[in-house]
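The structure appears below as structure tokens.
The values are calculated or read from the model by the stated rules, or taken from the named source; none is laboratory data. Predicted, not measured: the structure shown is a model, and the values here were computed from it. Ideal geometry is used to build each Cβ from the backbone, glycine not excepted, and the neighbour counts take in all protein chains shown. Areas reflect the complete protein model, heavy atoms only, side chains present, ligands, DNA and RNA absent. Shrake-Rupley method; radii C 1.70, N 1.55, O 1.52, S 1.80 Å.
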Amino acid sequence: MDKIIVLDFGSQTTQLIGRRIRDMGVYSEVIPGDTPLTDEILNSNGKGPDKVRGIILSGSPESVYTKEGAVPDQKIYTLGLPLLGICYGLQRMNYDQSGKVEPLSKREYGRIGVKINSKNSITNIITNSDVKNSNTVNSDLVARFLAGFAPSFTAWMSHGDTLTTLADGFREYGISDTGYPAVVIHDTKPWFGLQFHPEVTHCEGGDEILKAFVFGVCGATAGWTMEQYVEEVRASLAKRVGNNPVLLLISGGVDSTVAGALLLKTLKSDQVHLMYMDTGLMRKDETKTVKTTLEKLGARHLHIIYCEEEFLGALKGLEEPEAKRRAIGDLFITIQEREVARLGLPDSYFLAQGTLYTDLIESGKGVGKKAHLIKSHHNVGSPLVDAKRKLGRIIEPLDKLYKDEVRRLGRIIGVDEEVVCRHPFPGPGLAVRILGEVTKEKCDILRDADALYIEELKRRGFYDEIWQAFAVLLPIRSVGVAGDVRKYGWVLALRAITSADGMTADVYPFPTKDLLEISTLITNTVKDIGRVTYDISSKPPATIEWE
Ligand code: XMP
């Protein structure tokens with residue numbers, strides 16, 4: 001099978017590159033940027049020969065001229081394989097070939113125009129026909145690459161450095177509206193570079209550019225499907241787990257439900273123990289729904305632990321978001337240890353989690369381990385999980401997938417559409433949606449308000465258009481009137497976003513009428529809510545959850 005390798009230098013969007021390529025049906029593997037490129041990596045994925053068709057060098061939060069900037073195995077420049085450098089990846093290639101990279105006086109961030117082939121504005125840019133007629137060794141490949149570009153388009157950039165002197169052989173084929181090299185290609189080697197991020201949905205025509213590289217330049221053929229992924233998981237689980245029991249912690253969200261379904265589908269159902277903790281931080285009627293769903297999927301050992309009091313006790317007095325996350329994470333592990341002991345599973349049991357790639361990236365544990373910490377997701381960092389990981393006894397069958405891929409997988413393995421389409425729900429539950437201290441009273445208020453909101457979105461036909469919607473209880477009370485009486489109610493924020501994967505998000509543009517009606521319904525029904533606001537922040541700069 002044809003394969004594209006993505007070298008991960010730690011950009012928050014590295015996995016998106018790999019994912020976009022898999023979406024095109026081409027197998028891609030993301031590996032740490034400084035991995036030695038052994039024959040094994042270049043020739044096999046453990047299932048017989050793979051043909052590496054090209055290598056992509058990702059972005060990075062670091063600079064090429066500092067010691068933190070990871071260096072690829074210099075063999076990449078002698079393999080004769082097509083290379084595509086993205087942002088840091090381009091700077092890396094230029095720097096490694098003795099070009100110059102220097103800091104910008106002001107970091108460039110967001111949507112920035114790029115022009116290709118504009119002879120008038122840049123003298124050293126040549127057109128497609130020029131390329132075909134030119135006598136560079138690369139002219140055919142250059143033409144195939146440039147076929148993926150519109151003459152001008154809006155790209156998405158995030159960089160603090162730029163190329164200031166191109167290395168020998170590199171030529172500029174595109175320039176940003178701010179005057180920096182945006183598309184750079186080598187005259188005689190199949191080396192291509194972009195200063196912007198084609199993998200980000202905000203980059204106009206980004207997919208076409210990646211396709212031009214993958215199919216046009218690398219000549220890859222599509223042969224990668226989700227069905228094949230299930231087969232790979234089945235084979236790797238059979239090899240790792242054998243007949244040992246597997247314990248999966250179910251949160252009630254799409255990810256852990258699909259992970260559970262995948263385990264039930266690929267292992268013997270008697271091997272699979274599903275543990276669900278009703279932490280008291282769940283959505284309304286969650287426990288009932290989870291039970292019905294999992295039993296329908298064939299779960300034989302479903303352990304439901306009621307531990308609301310313990311969680312609320314651990315959260316008492318805590319206001320700081322990371323402290324709340326840590327308290328929840330630790331208690332999860334404590335209860336898990338206690339309950340596992342109670343189950344009497346042997347030490348050899350494997351611990352499974354529905355961790356997605358986004359969870360790993362945002363915890364600074366991306367594949368290349370170079371990403372900066374944004375938040376500590378409870379399901380990634382904990383001593384017991386780390387200990388199990390060291391023992392090689394953690395199973396994270398979704399850790400290479402993004403949310404929409406998990407949904408596709410869920411459908412393939414027979415999870416109900418209603419469950420598959422459910423909006424994502426964070427592991428720490430309502431605790432990240434109640435700002436400040438979490439109490440039972442606040443959980444109940446938020447649960448009622450959130451259930452009303454979601455029910456209305458479904459009734460009004462918005463739910464499936466929205467990637468994630470939820471209510472947030474703010475630690476503020478505000479004055480209002482109810483009847484003729486002064487009311488001092490809580491302020492509720494509604495959030496609804498569109499997104500492809502949770503990495504970036506836009507605000508859902510509700511018709512005003514619906515927002516007003518939903519607001520009135522909530523303040524009329526949930527008596528403790530005095531005021532409703534709508535969050536109009538995109539990600540970035542905001543995150544999806546408020547915390
Ligand atoms: P943020 O708020 O980081 O959220 O923009 C991105 C996506 O991740 C979900 N989320 C979590 N999921 N454990 C999870 O399993 C967590 O600790 C966690 N925190 C945030 C969030 O709901 C959104 O879909």
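Which of the residue pairs Lys239/Lys288; Lys211/Lys539; Lys51/Lys211; Lys440/Lys513; Lys268/Lys388; Lys3/Lys458 have a Cα-Cα distance greater than 29 Å in the structure shown?
Too far apart for the 29 Å limit: Lys239/Lys288; Lys440/Lys513; Lys3/Lys458.
What accessible surface, in Å², does a 1.4 Å probe find on Tyr65, ignoring ligands, DNA and RNA and rounding to the nearest 10?
In the full protein context, Tyr65 sits at about 90 Å².
What shape does the range 1-82 have by the C-alpha gyration tensor, where a ≥ b ≥ c are the square roots of the eigenvalues, rounded means a/c under 1.5, and otherwise prolate means a/b greater than b/c and oblate the rest? Walk me through the intermediate numbers first.
Working: a/c = 2.28, a/b = 1.37, b/c = 1.66.
Cα axes put the range 1-82 in the oblate bin.
Counting Lys and Arg as +1 and Asp and Glu as -1, what is the net charge of the other residues whose Cβ lies under 14 Å from the Cβ of Arg111?
-4
Long-range amide H contacts for Gly252: which residues qualify at under 5 Å (H placed 1.01 Å from N, peptide plane, sequence gap of 5 or more or a different chain)?
Thr257
Accessible area, 1.4 Å probe, largest first: how do Glu455, Glu545, Glu437 sort? Could you put the intermediate results ahead of the total?
Numbers: Glu455 115, Glu545 20, Glu437 55 Å².
Of Glu455, Glu545, Glu437, the descending order of accessible area is Glu455, Glu437, Glu545.
Hey, what did the chain get for relative contact order, percent, Cα under 8 Å, at least 6 apart?
12
Using the crude model of +1 on Lys and Arg Cβ and -1 on Asp and Glu Cβ, and no other charge, please compute the dipole size for the chain relative to its Cα centre, in debye to 20.
280
Counting only other residues whose beta carbon sits under 13 Å from that of Leu264, what net charge do I get with K and R as +1, D and E as -1?
Working: positive: Arg234, Lys265, Lys268, Lys296, Arg300; negative: Asp270, Glu295.
So the surrounding residues net to +3.
Mind running the shape call on the range 212-293? Use the C-alpha gyration tensor, a ≥ b ≥ c as the square roots of the eigenvalues: rounded below 1.5 for a/c, prolate if a/b tops b/c, oblate otherwise. Walk me through the numbers before you get to the answer.
Numbers: a/c = 3.62, a/b = 1.70, b/c = 2.12.
The shape class here is oblate.
Let's test the formula: R0 of 25 Å, r as the Cβ-Cβ distance of Leu515 and Thr543. What FRET efficiency results, to the nearest 0.05?
0.70
If you stretched the chain out fully between Thr439 and Arg234, how much longer would it get, using 0.36 nm times the residue separation minus the C-alpha to C-alpha distance?
69.6 nm
Give me the dipole magnitude in Debye, nearest 20, for the range 393-436 about the Cα centre, with unit charges on the beta carbon: positive for Lys and Arg, negative for Asp and Glu.
It works out to roughly 120 debye.
Do the sum for the chain: with -39,500 (n - 2.57) for every DSSP H run of n ≥ 4, divided by all residues, what is the mean residue ellipticity at 222 nm, to the nearest 500 deg cm²/dmol? Don't skip to the answer; put the middle values down first.
Values: 17 runs with 177 residues, N = 547.
-9500 deg cm²/dmol, from helical runs alone.
Pull up all non-local amide H partners of Ile529: gap of 5 or more, or a different chain, and H-to-H distance under 5 Å with H placed in the peptide plane.
Trp490
Pairs of alpha-carbon atoms within less than 8 angstrom and 6+ residues apart define the contacts here; what relative contact order does the range 413-513 have, in percent?
21
For Lys487, what is the net charge nearby, where nearby means another residue's Cβ is under 14 Å from its Cβ and Lys, Arg count +1, Asp, Glu -1?
Residues close to Lys487 contribute a combined charge of +2.
Using packing as a proxy for protection, rank 420-429, 6-15 so that the peptide with the highest average count of other Cβ atoms within 10 Å comes first.
Result, highest mean first: 6-15, 420-429.
Tell me which residues come under 5 Å, amide H to amide H, from Ala505 once H is placed; ignore anything under 5 positions away on its chain.
Result for Ala505 returns Lys539.
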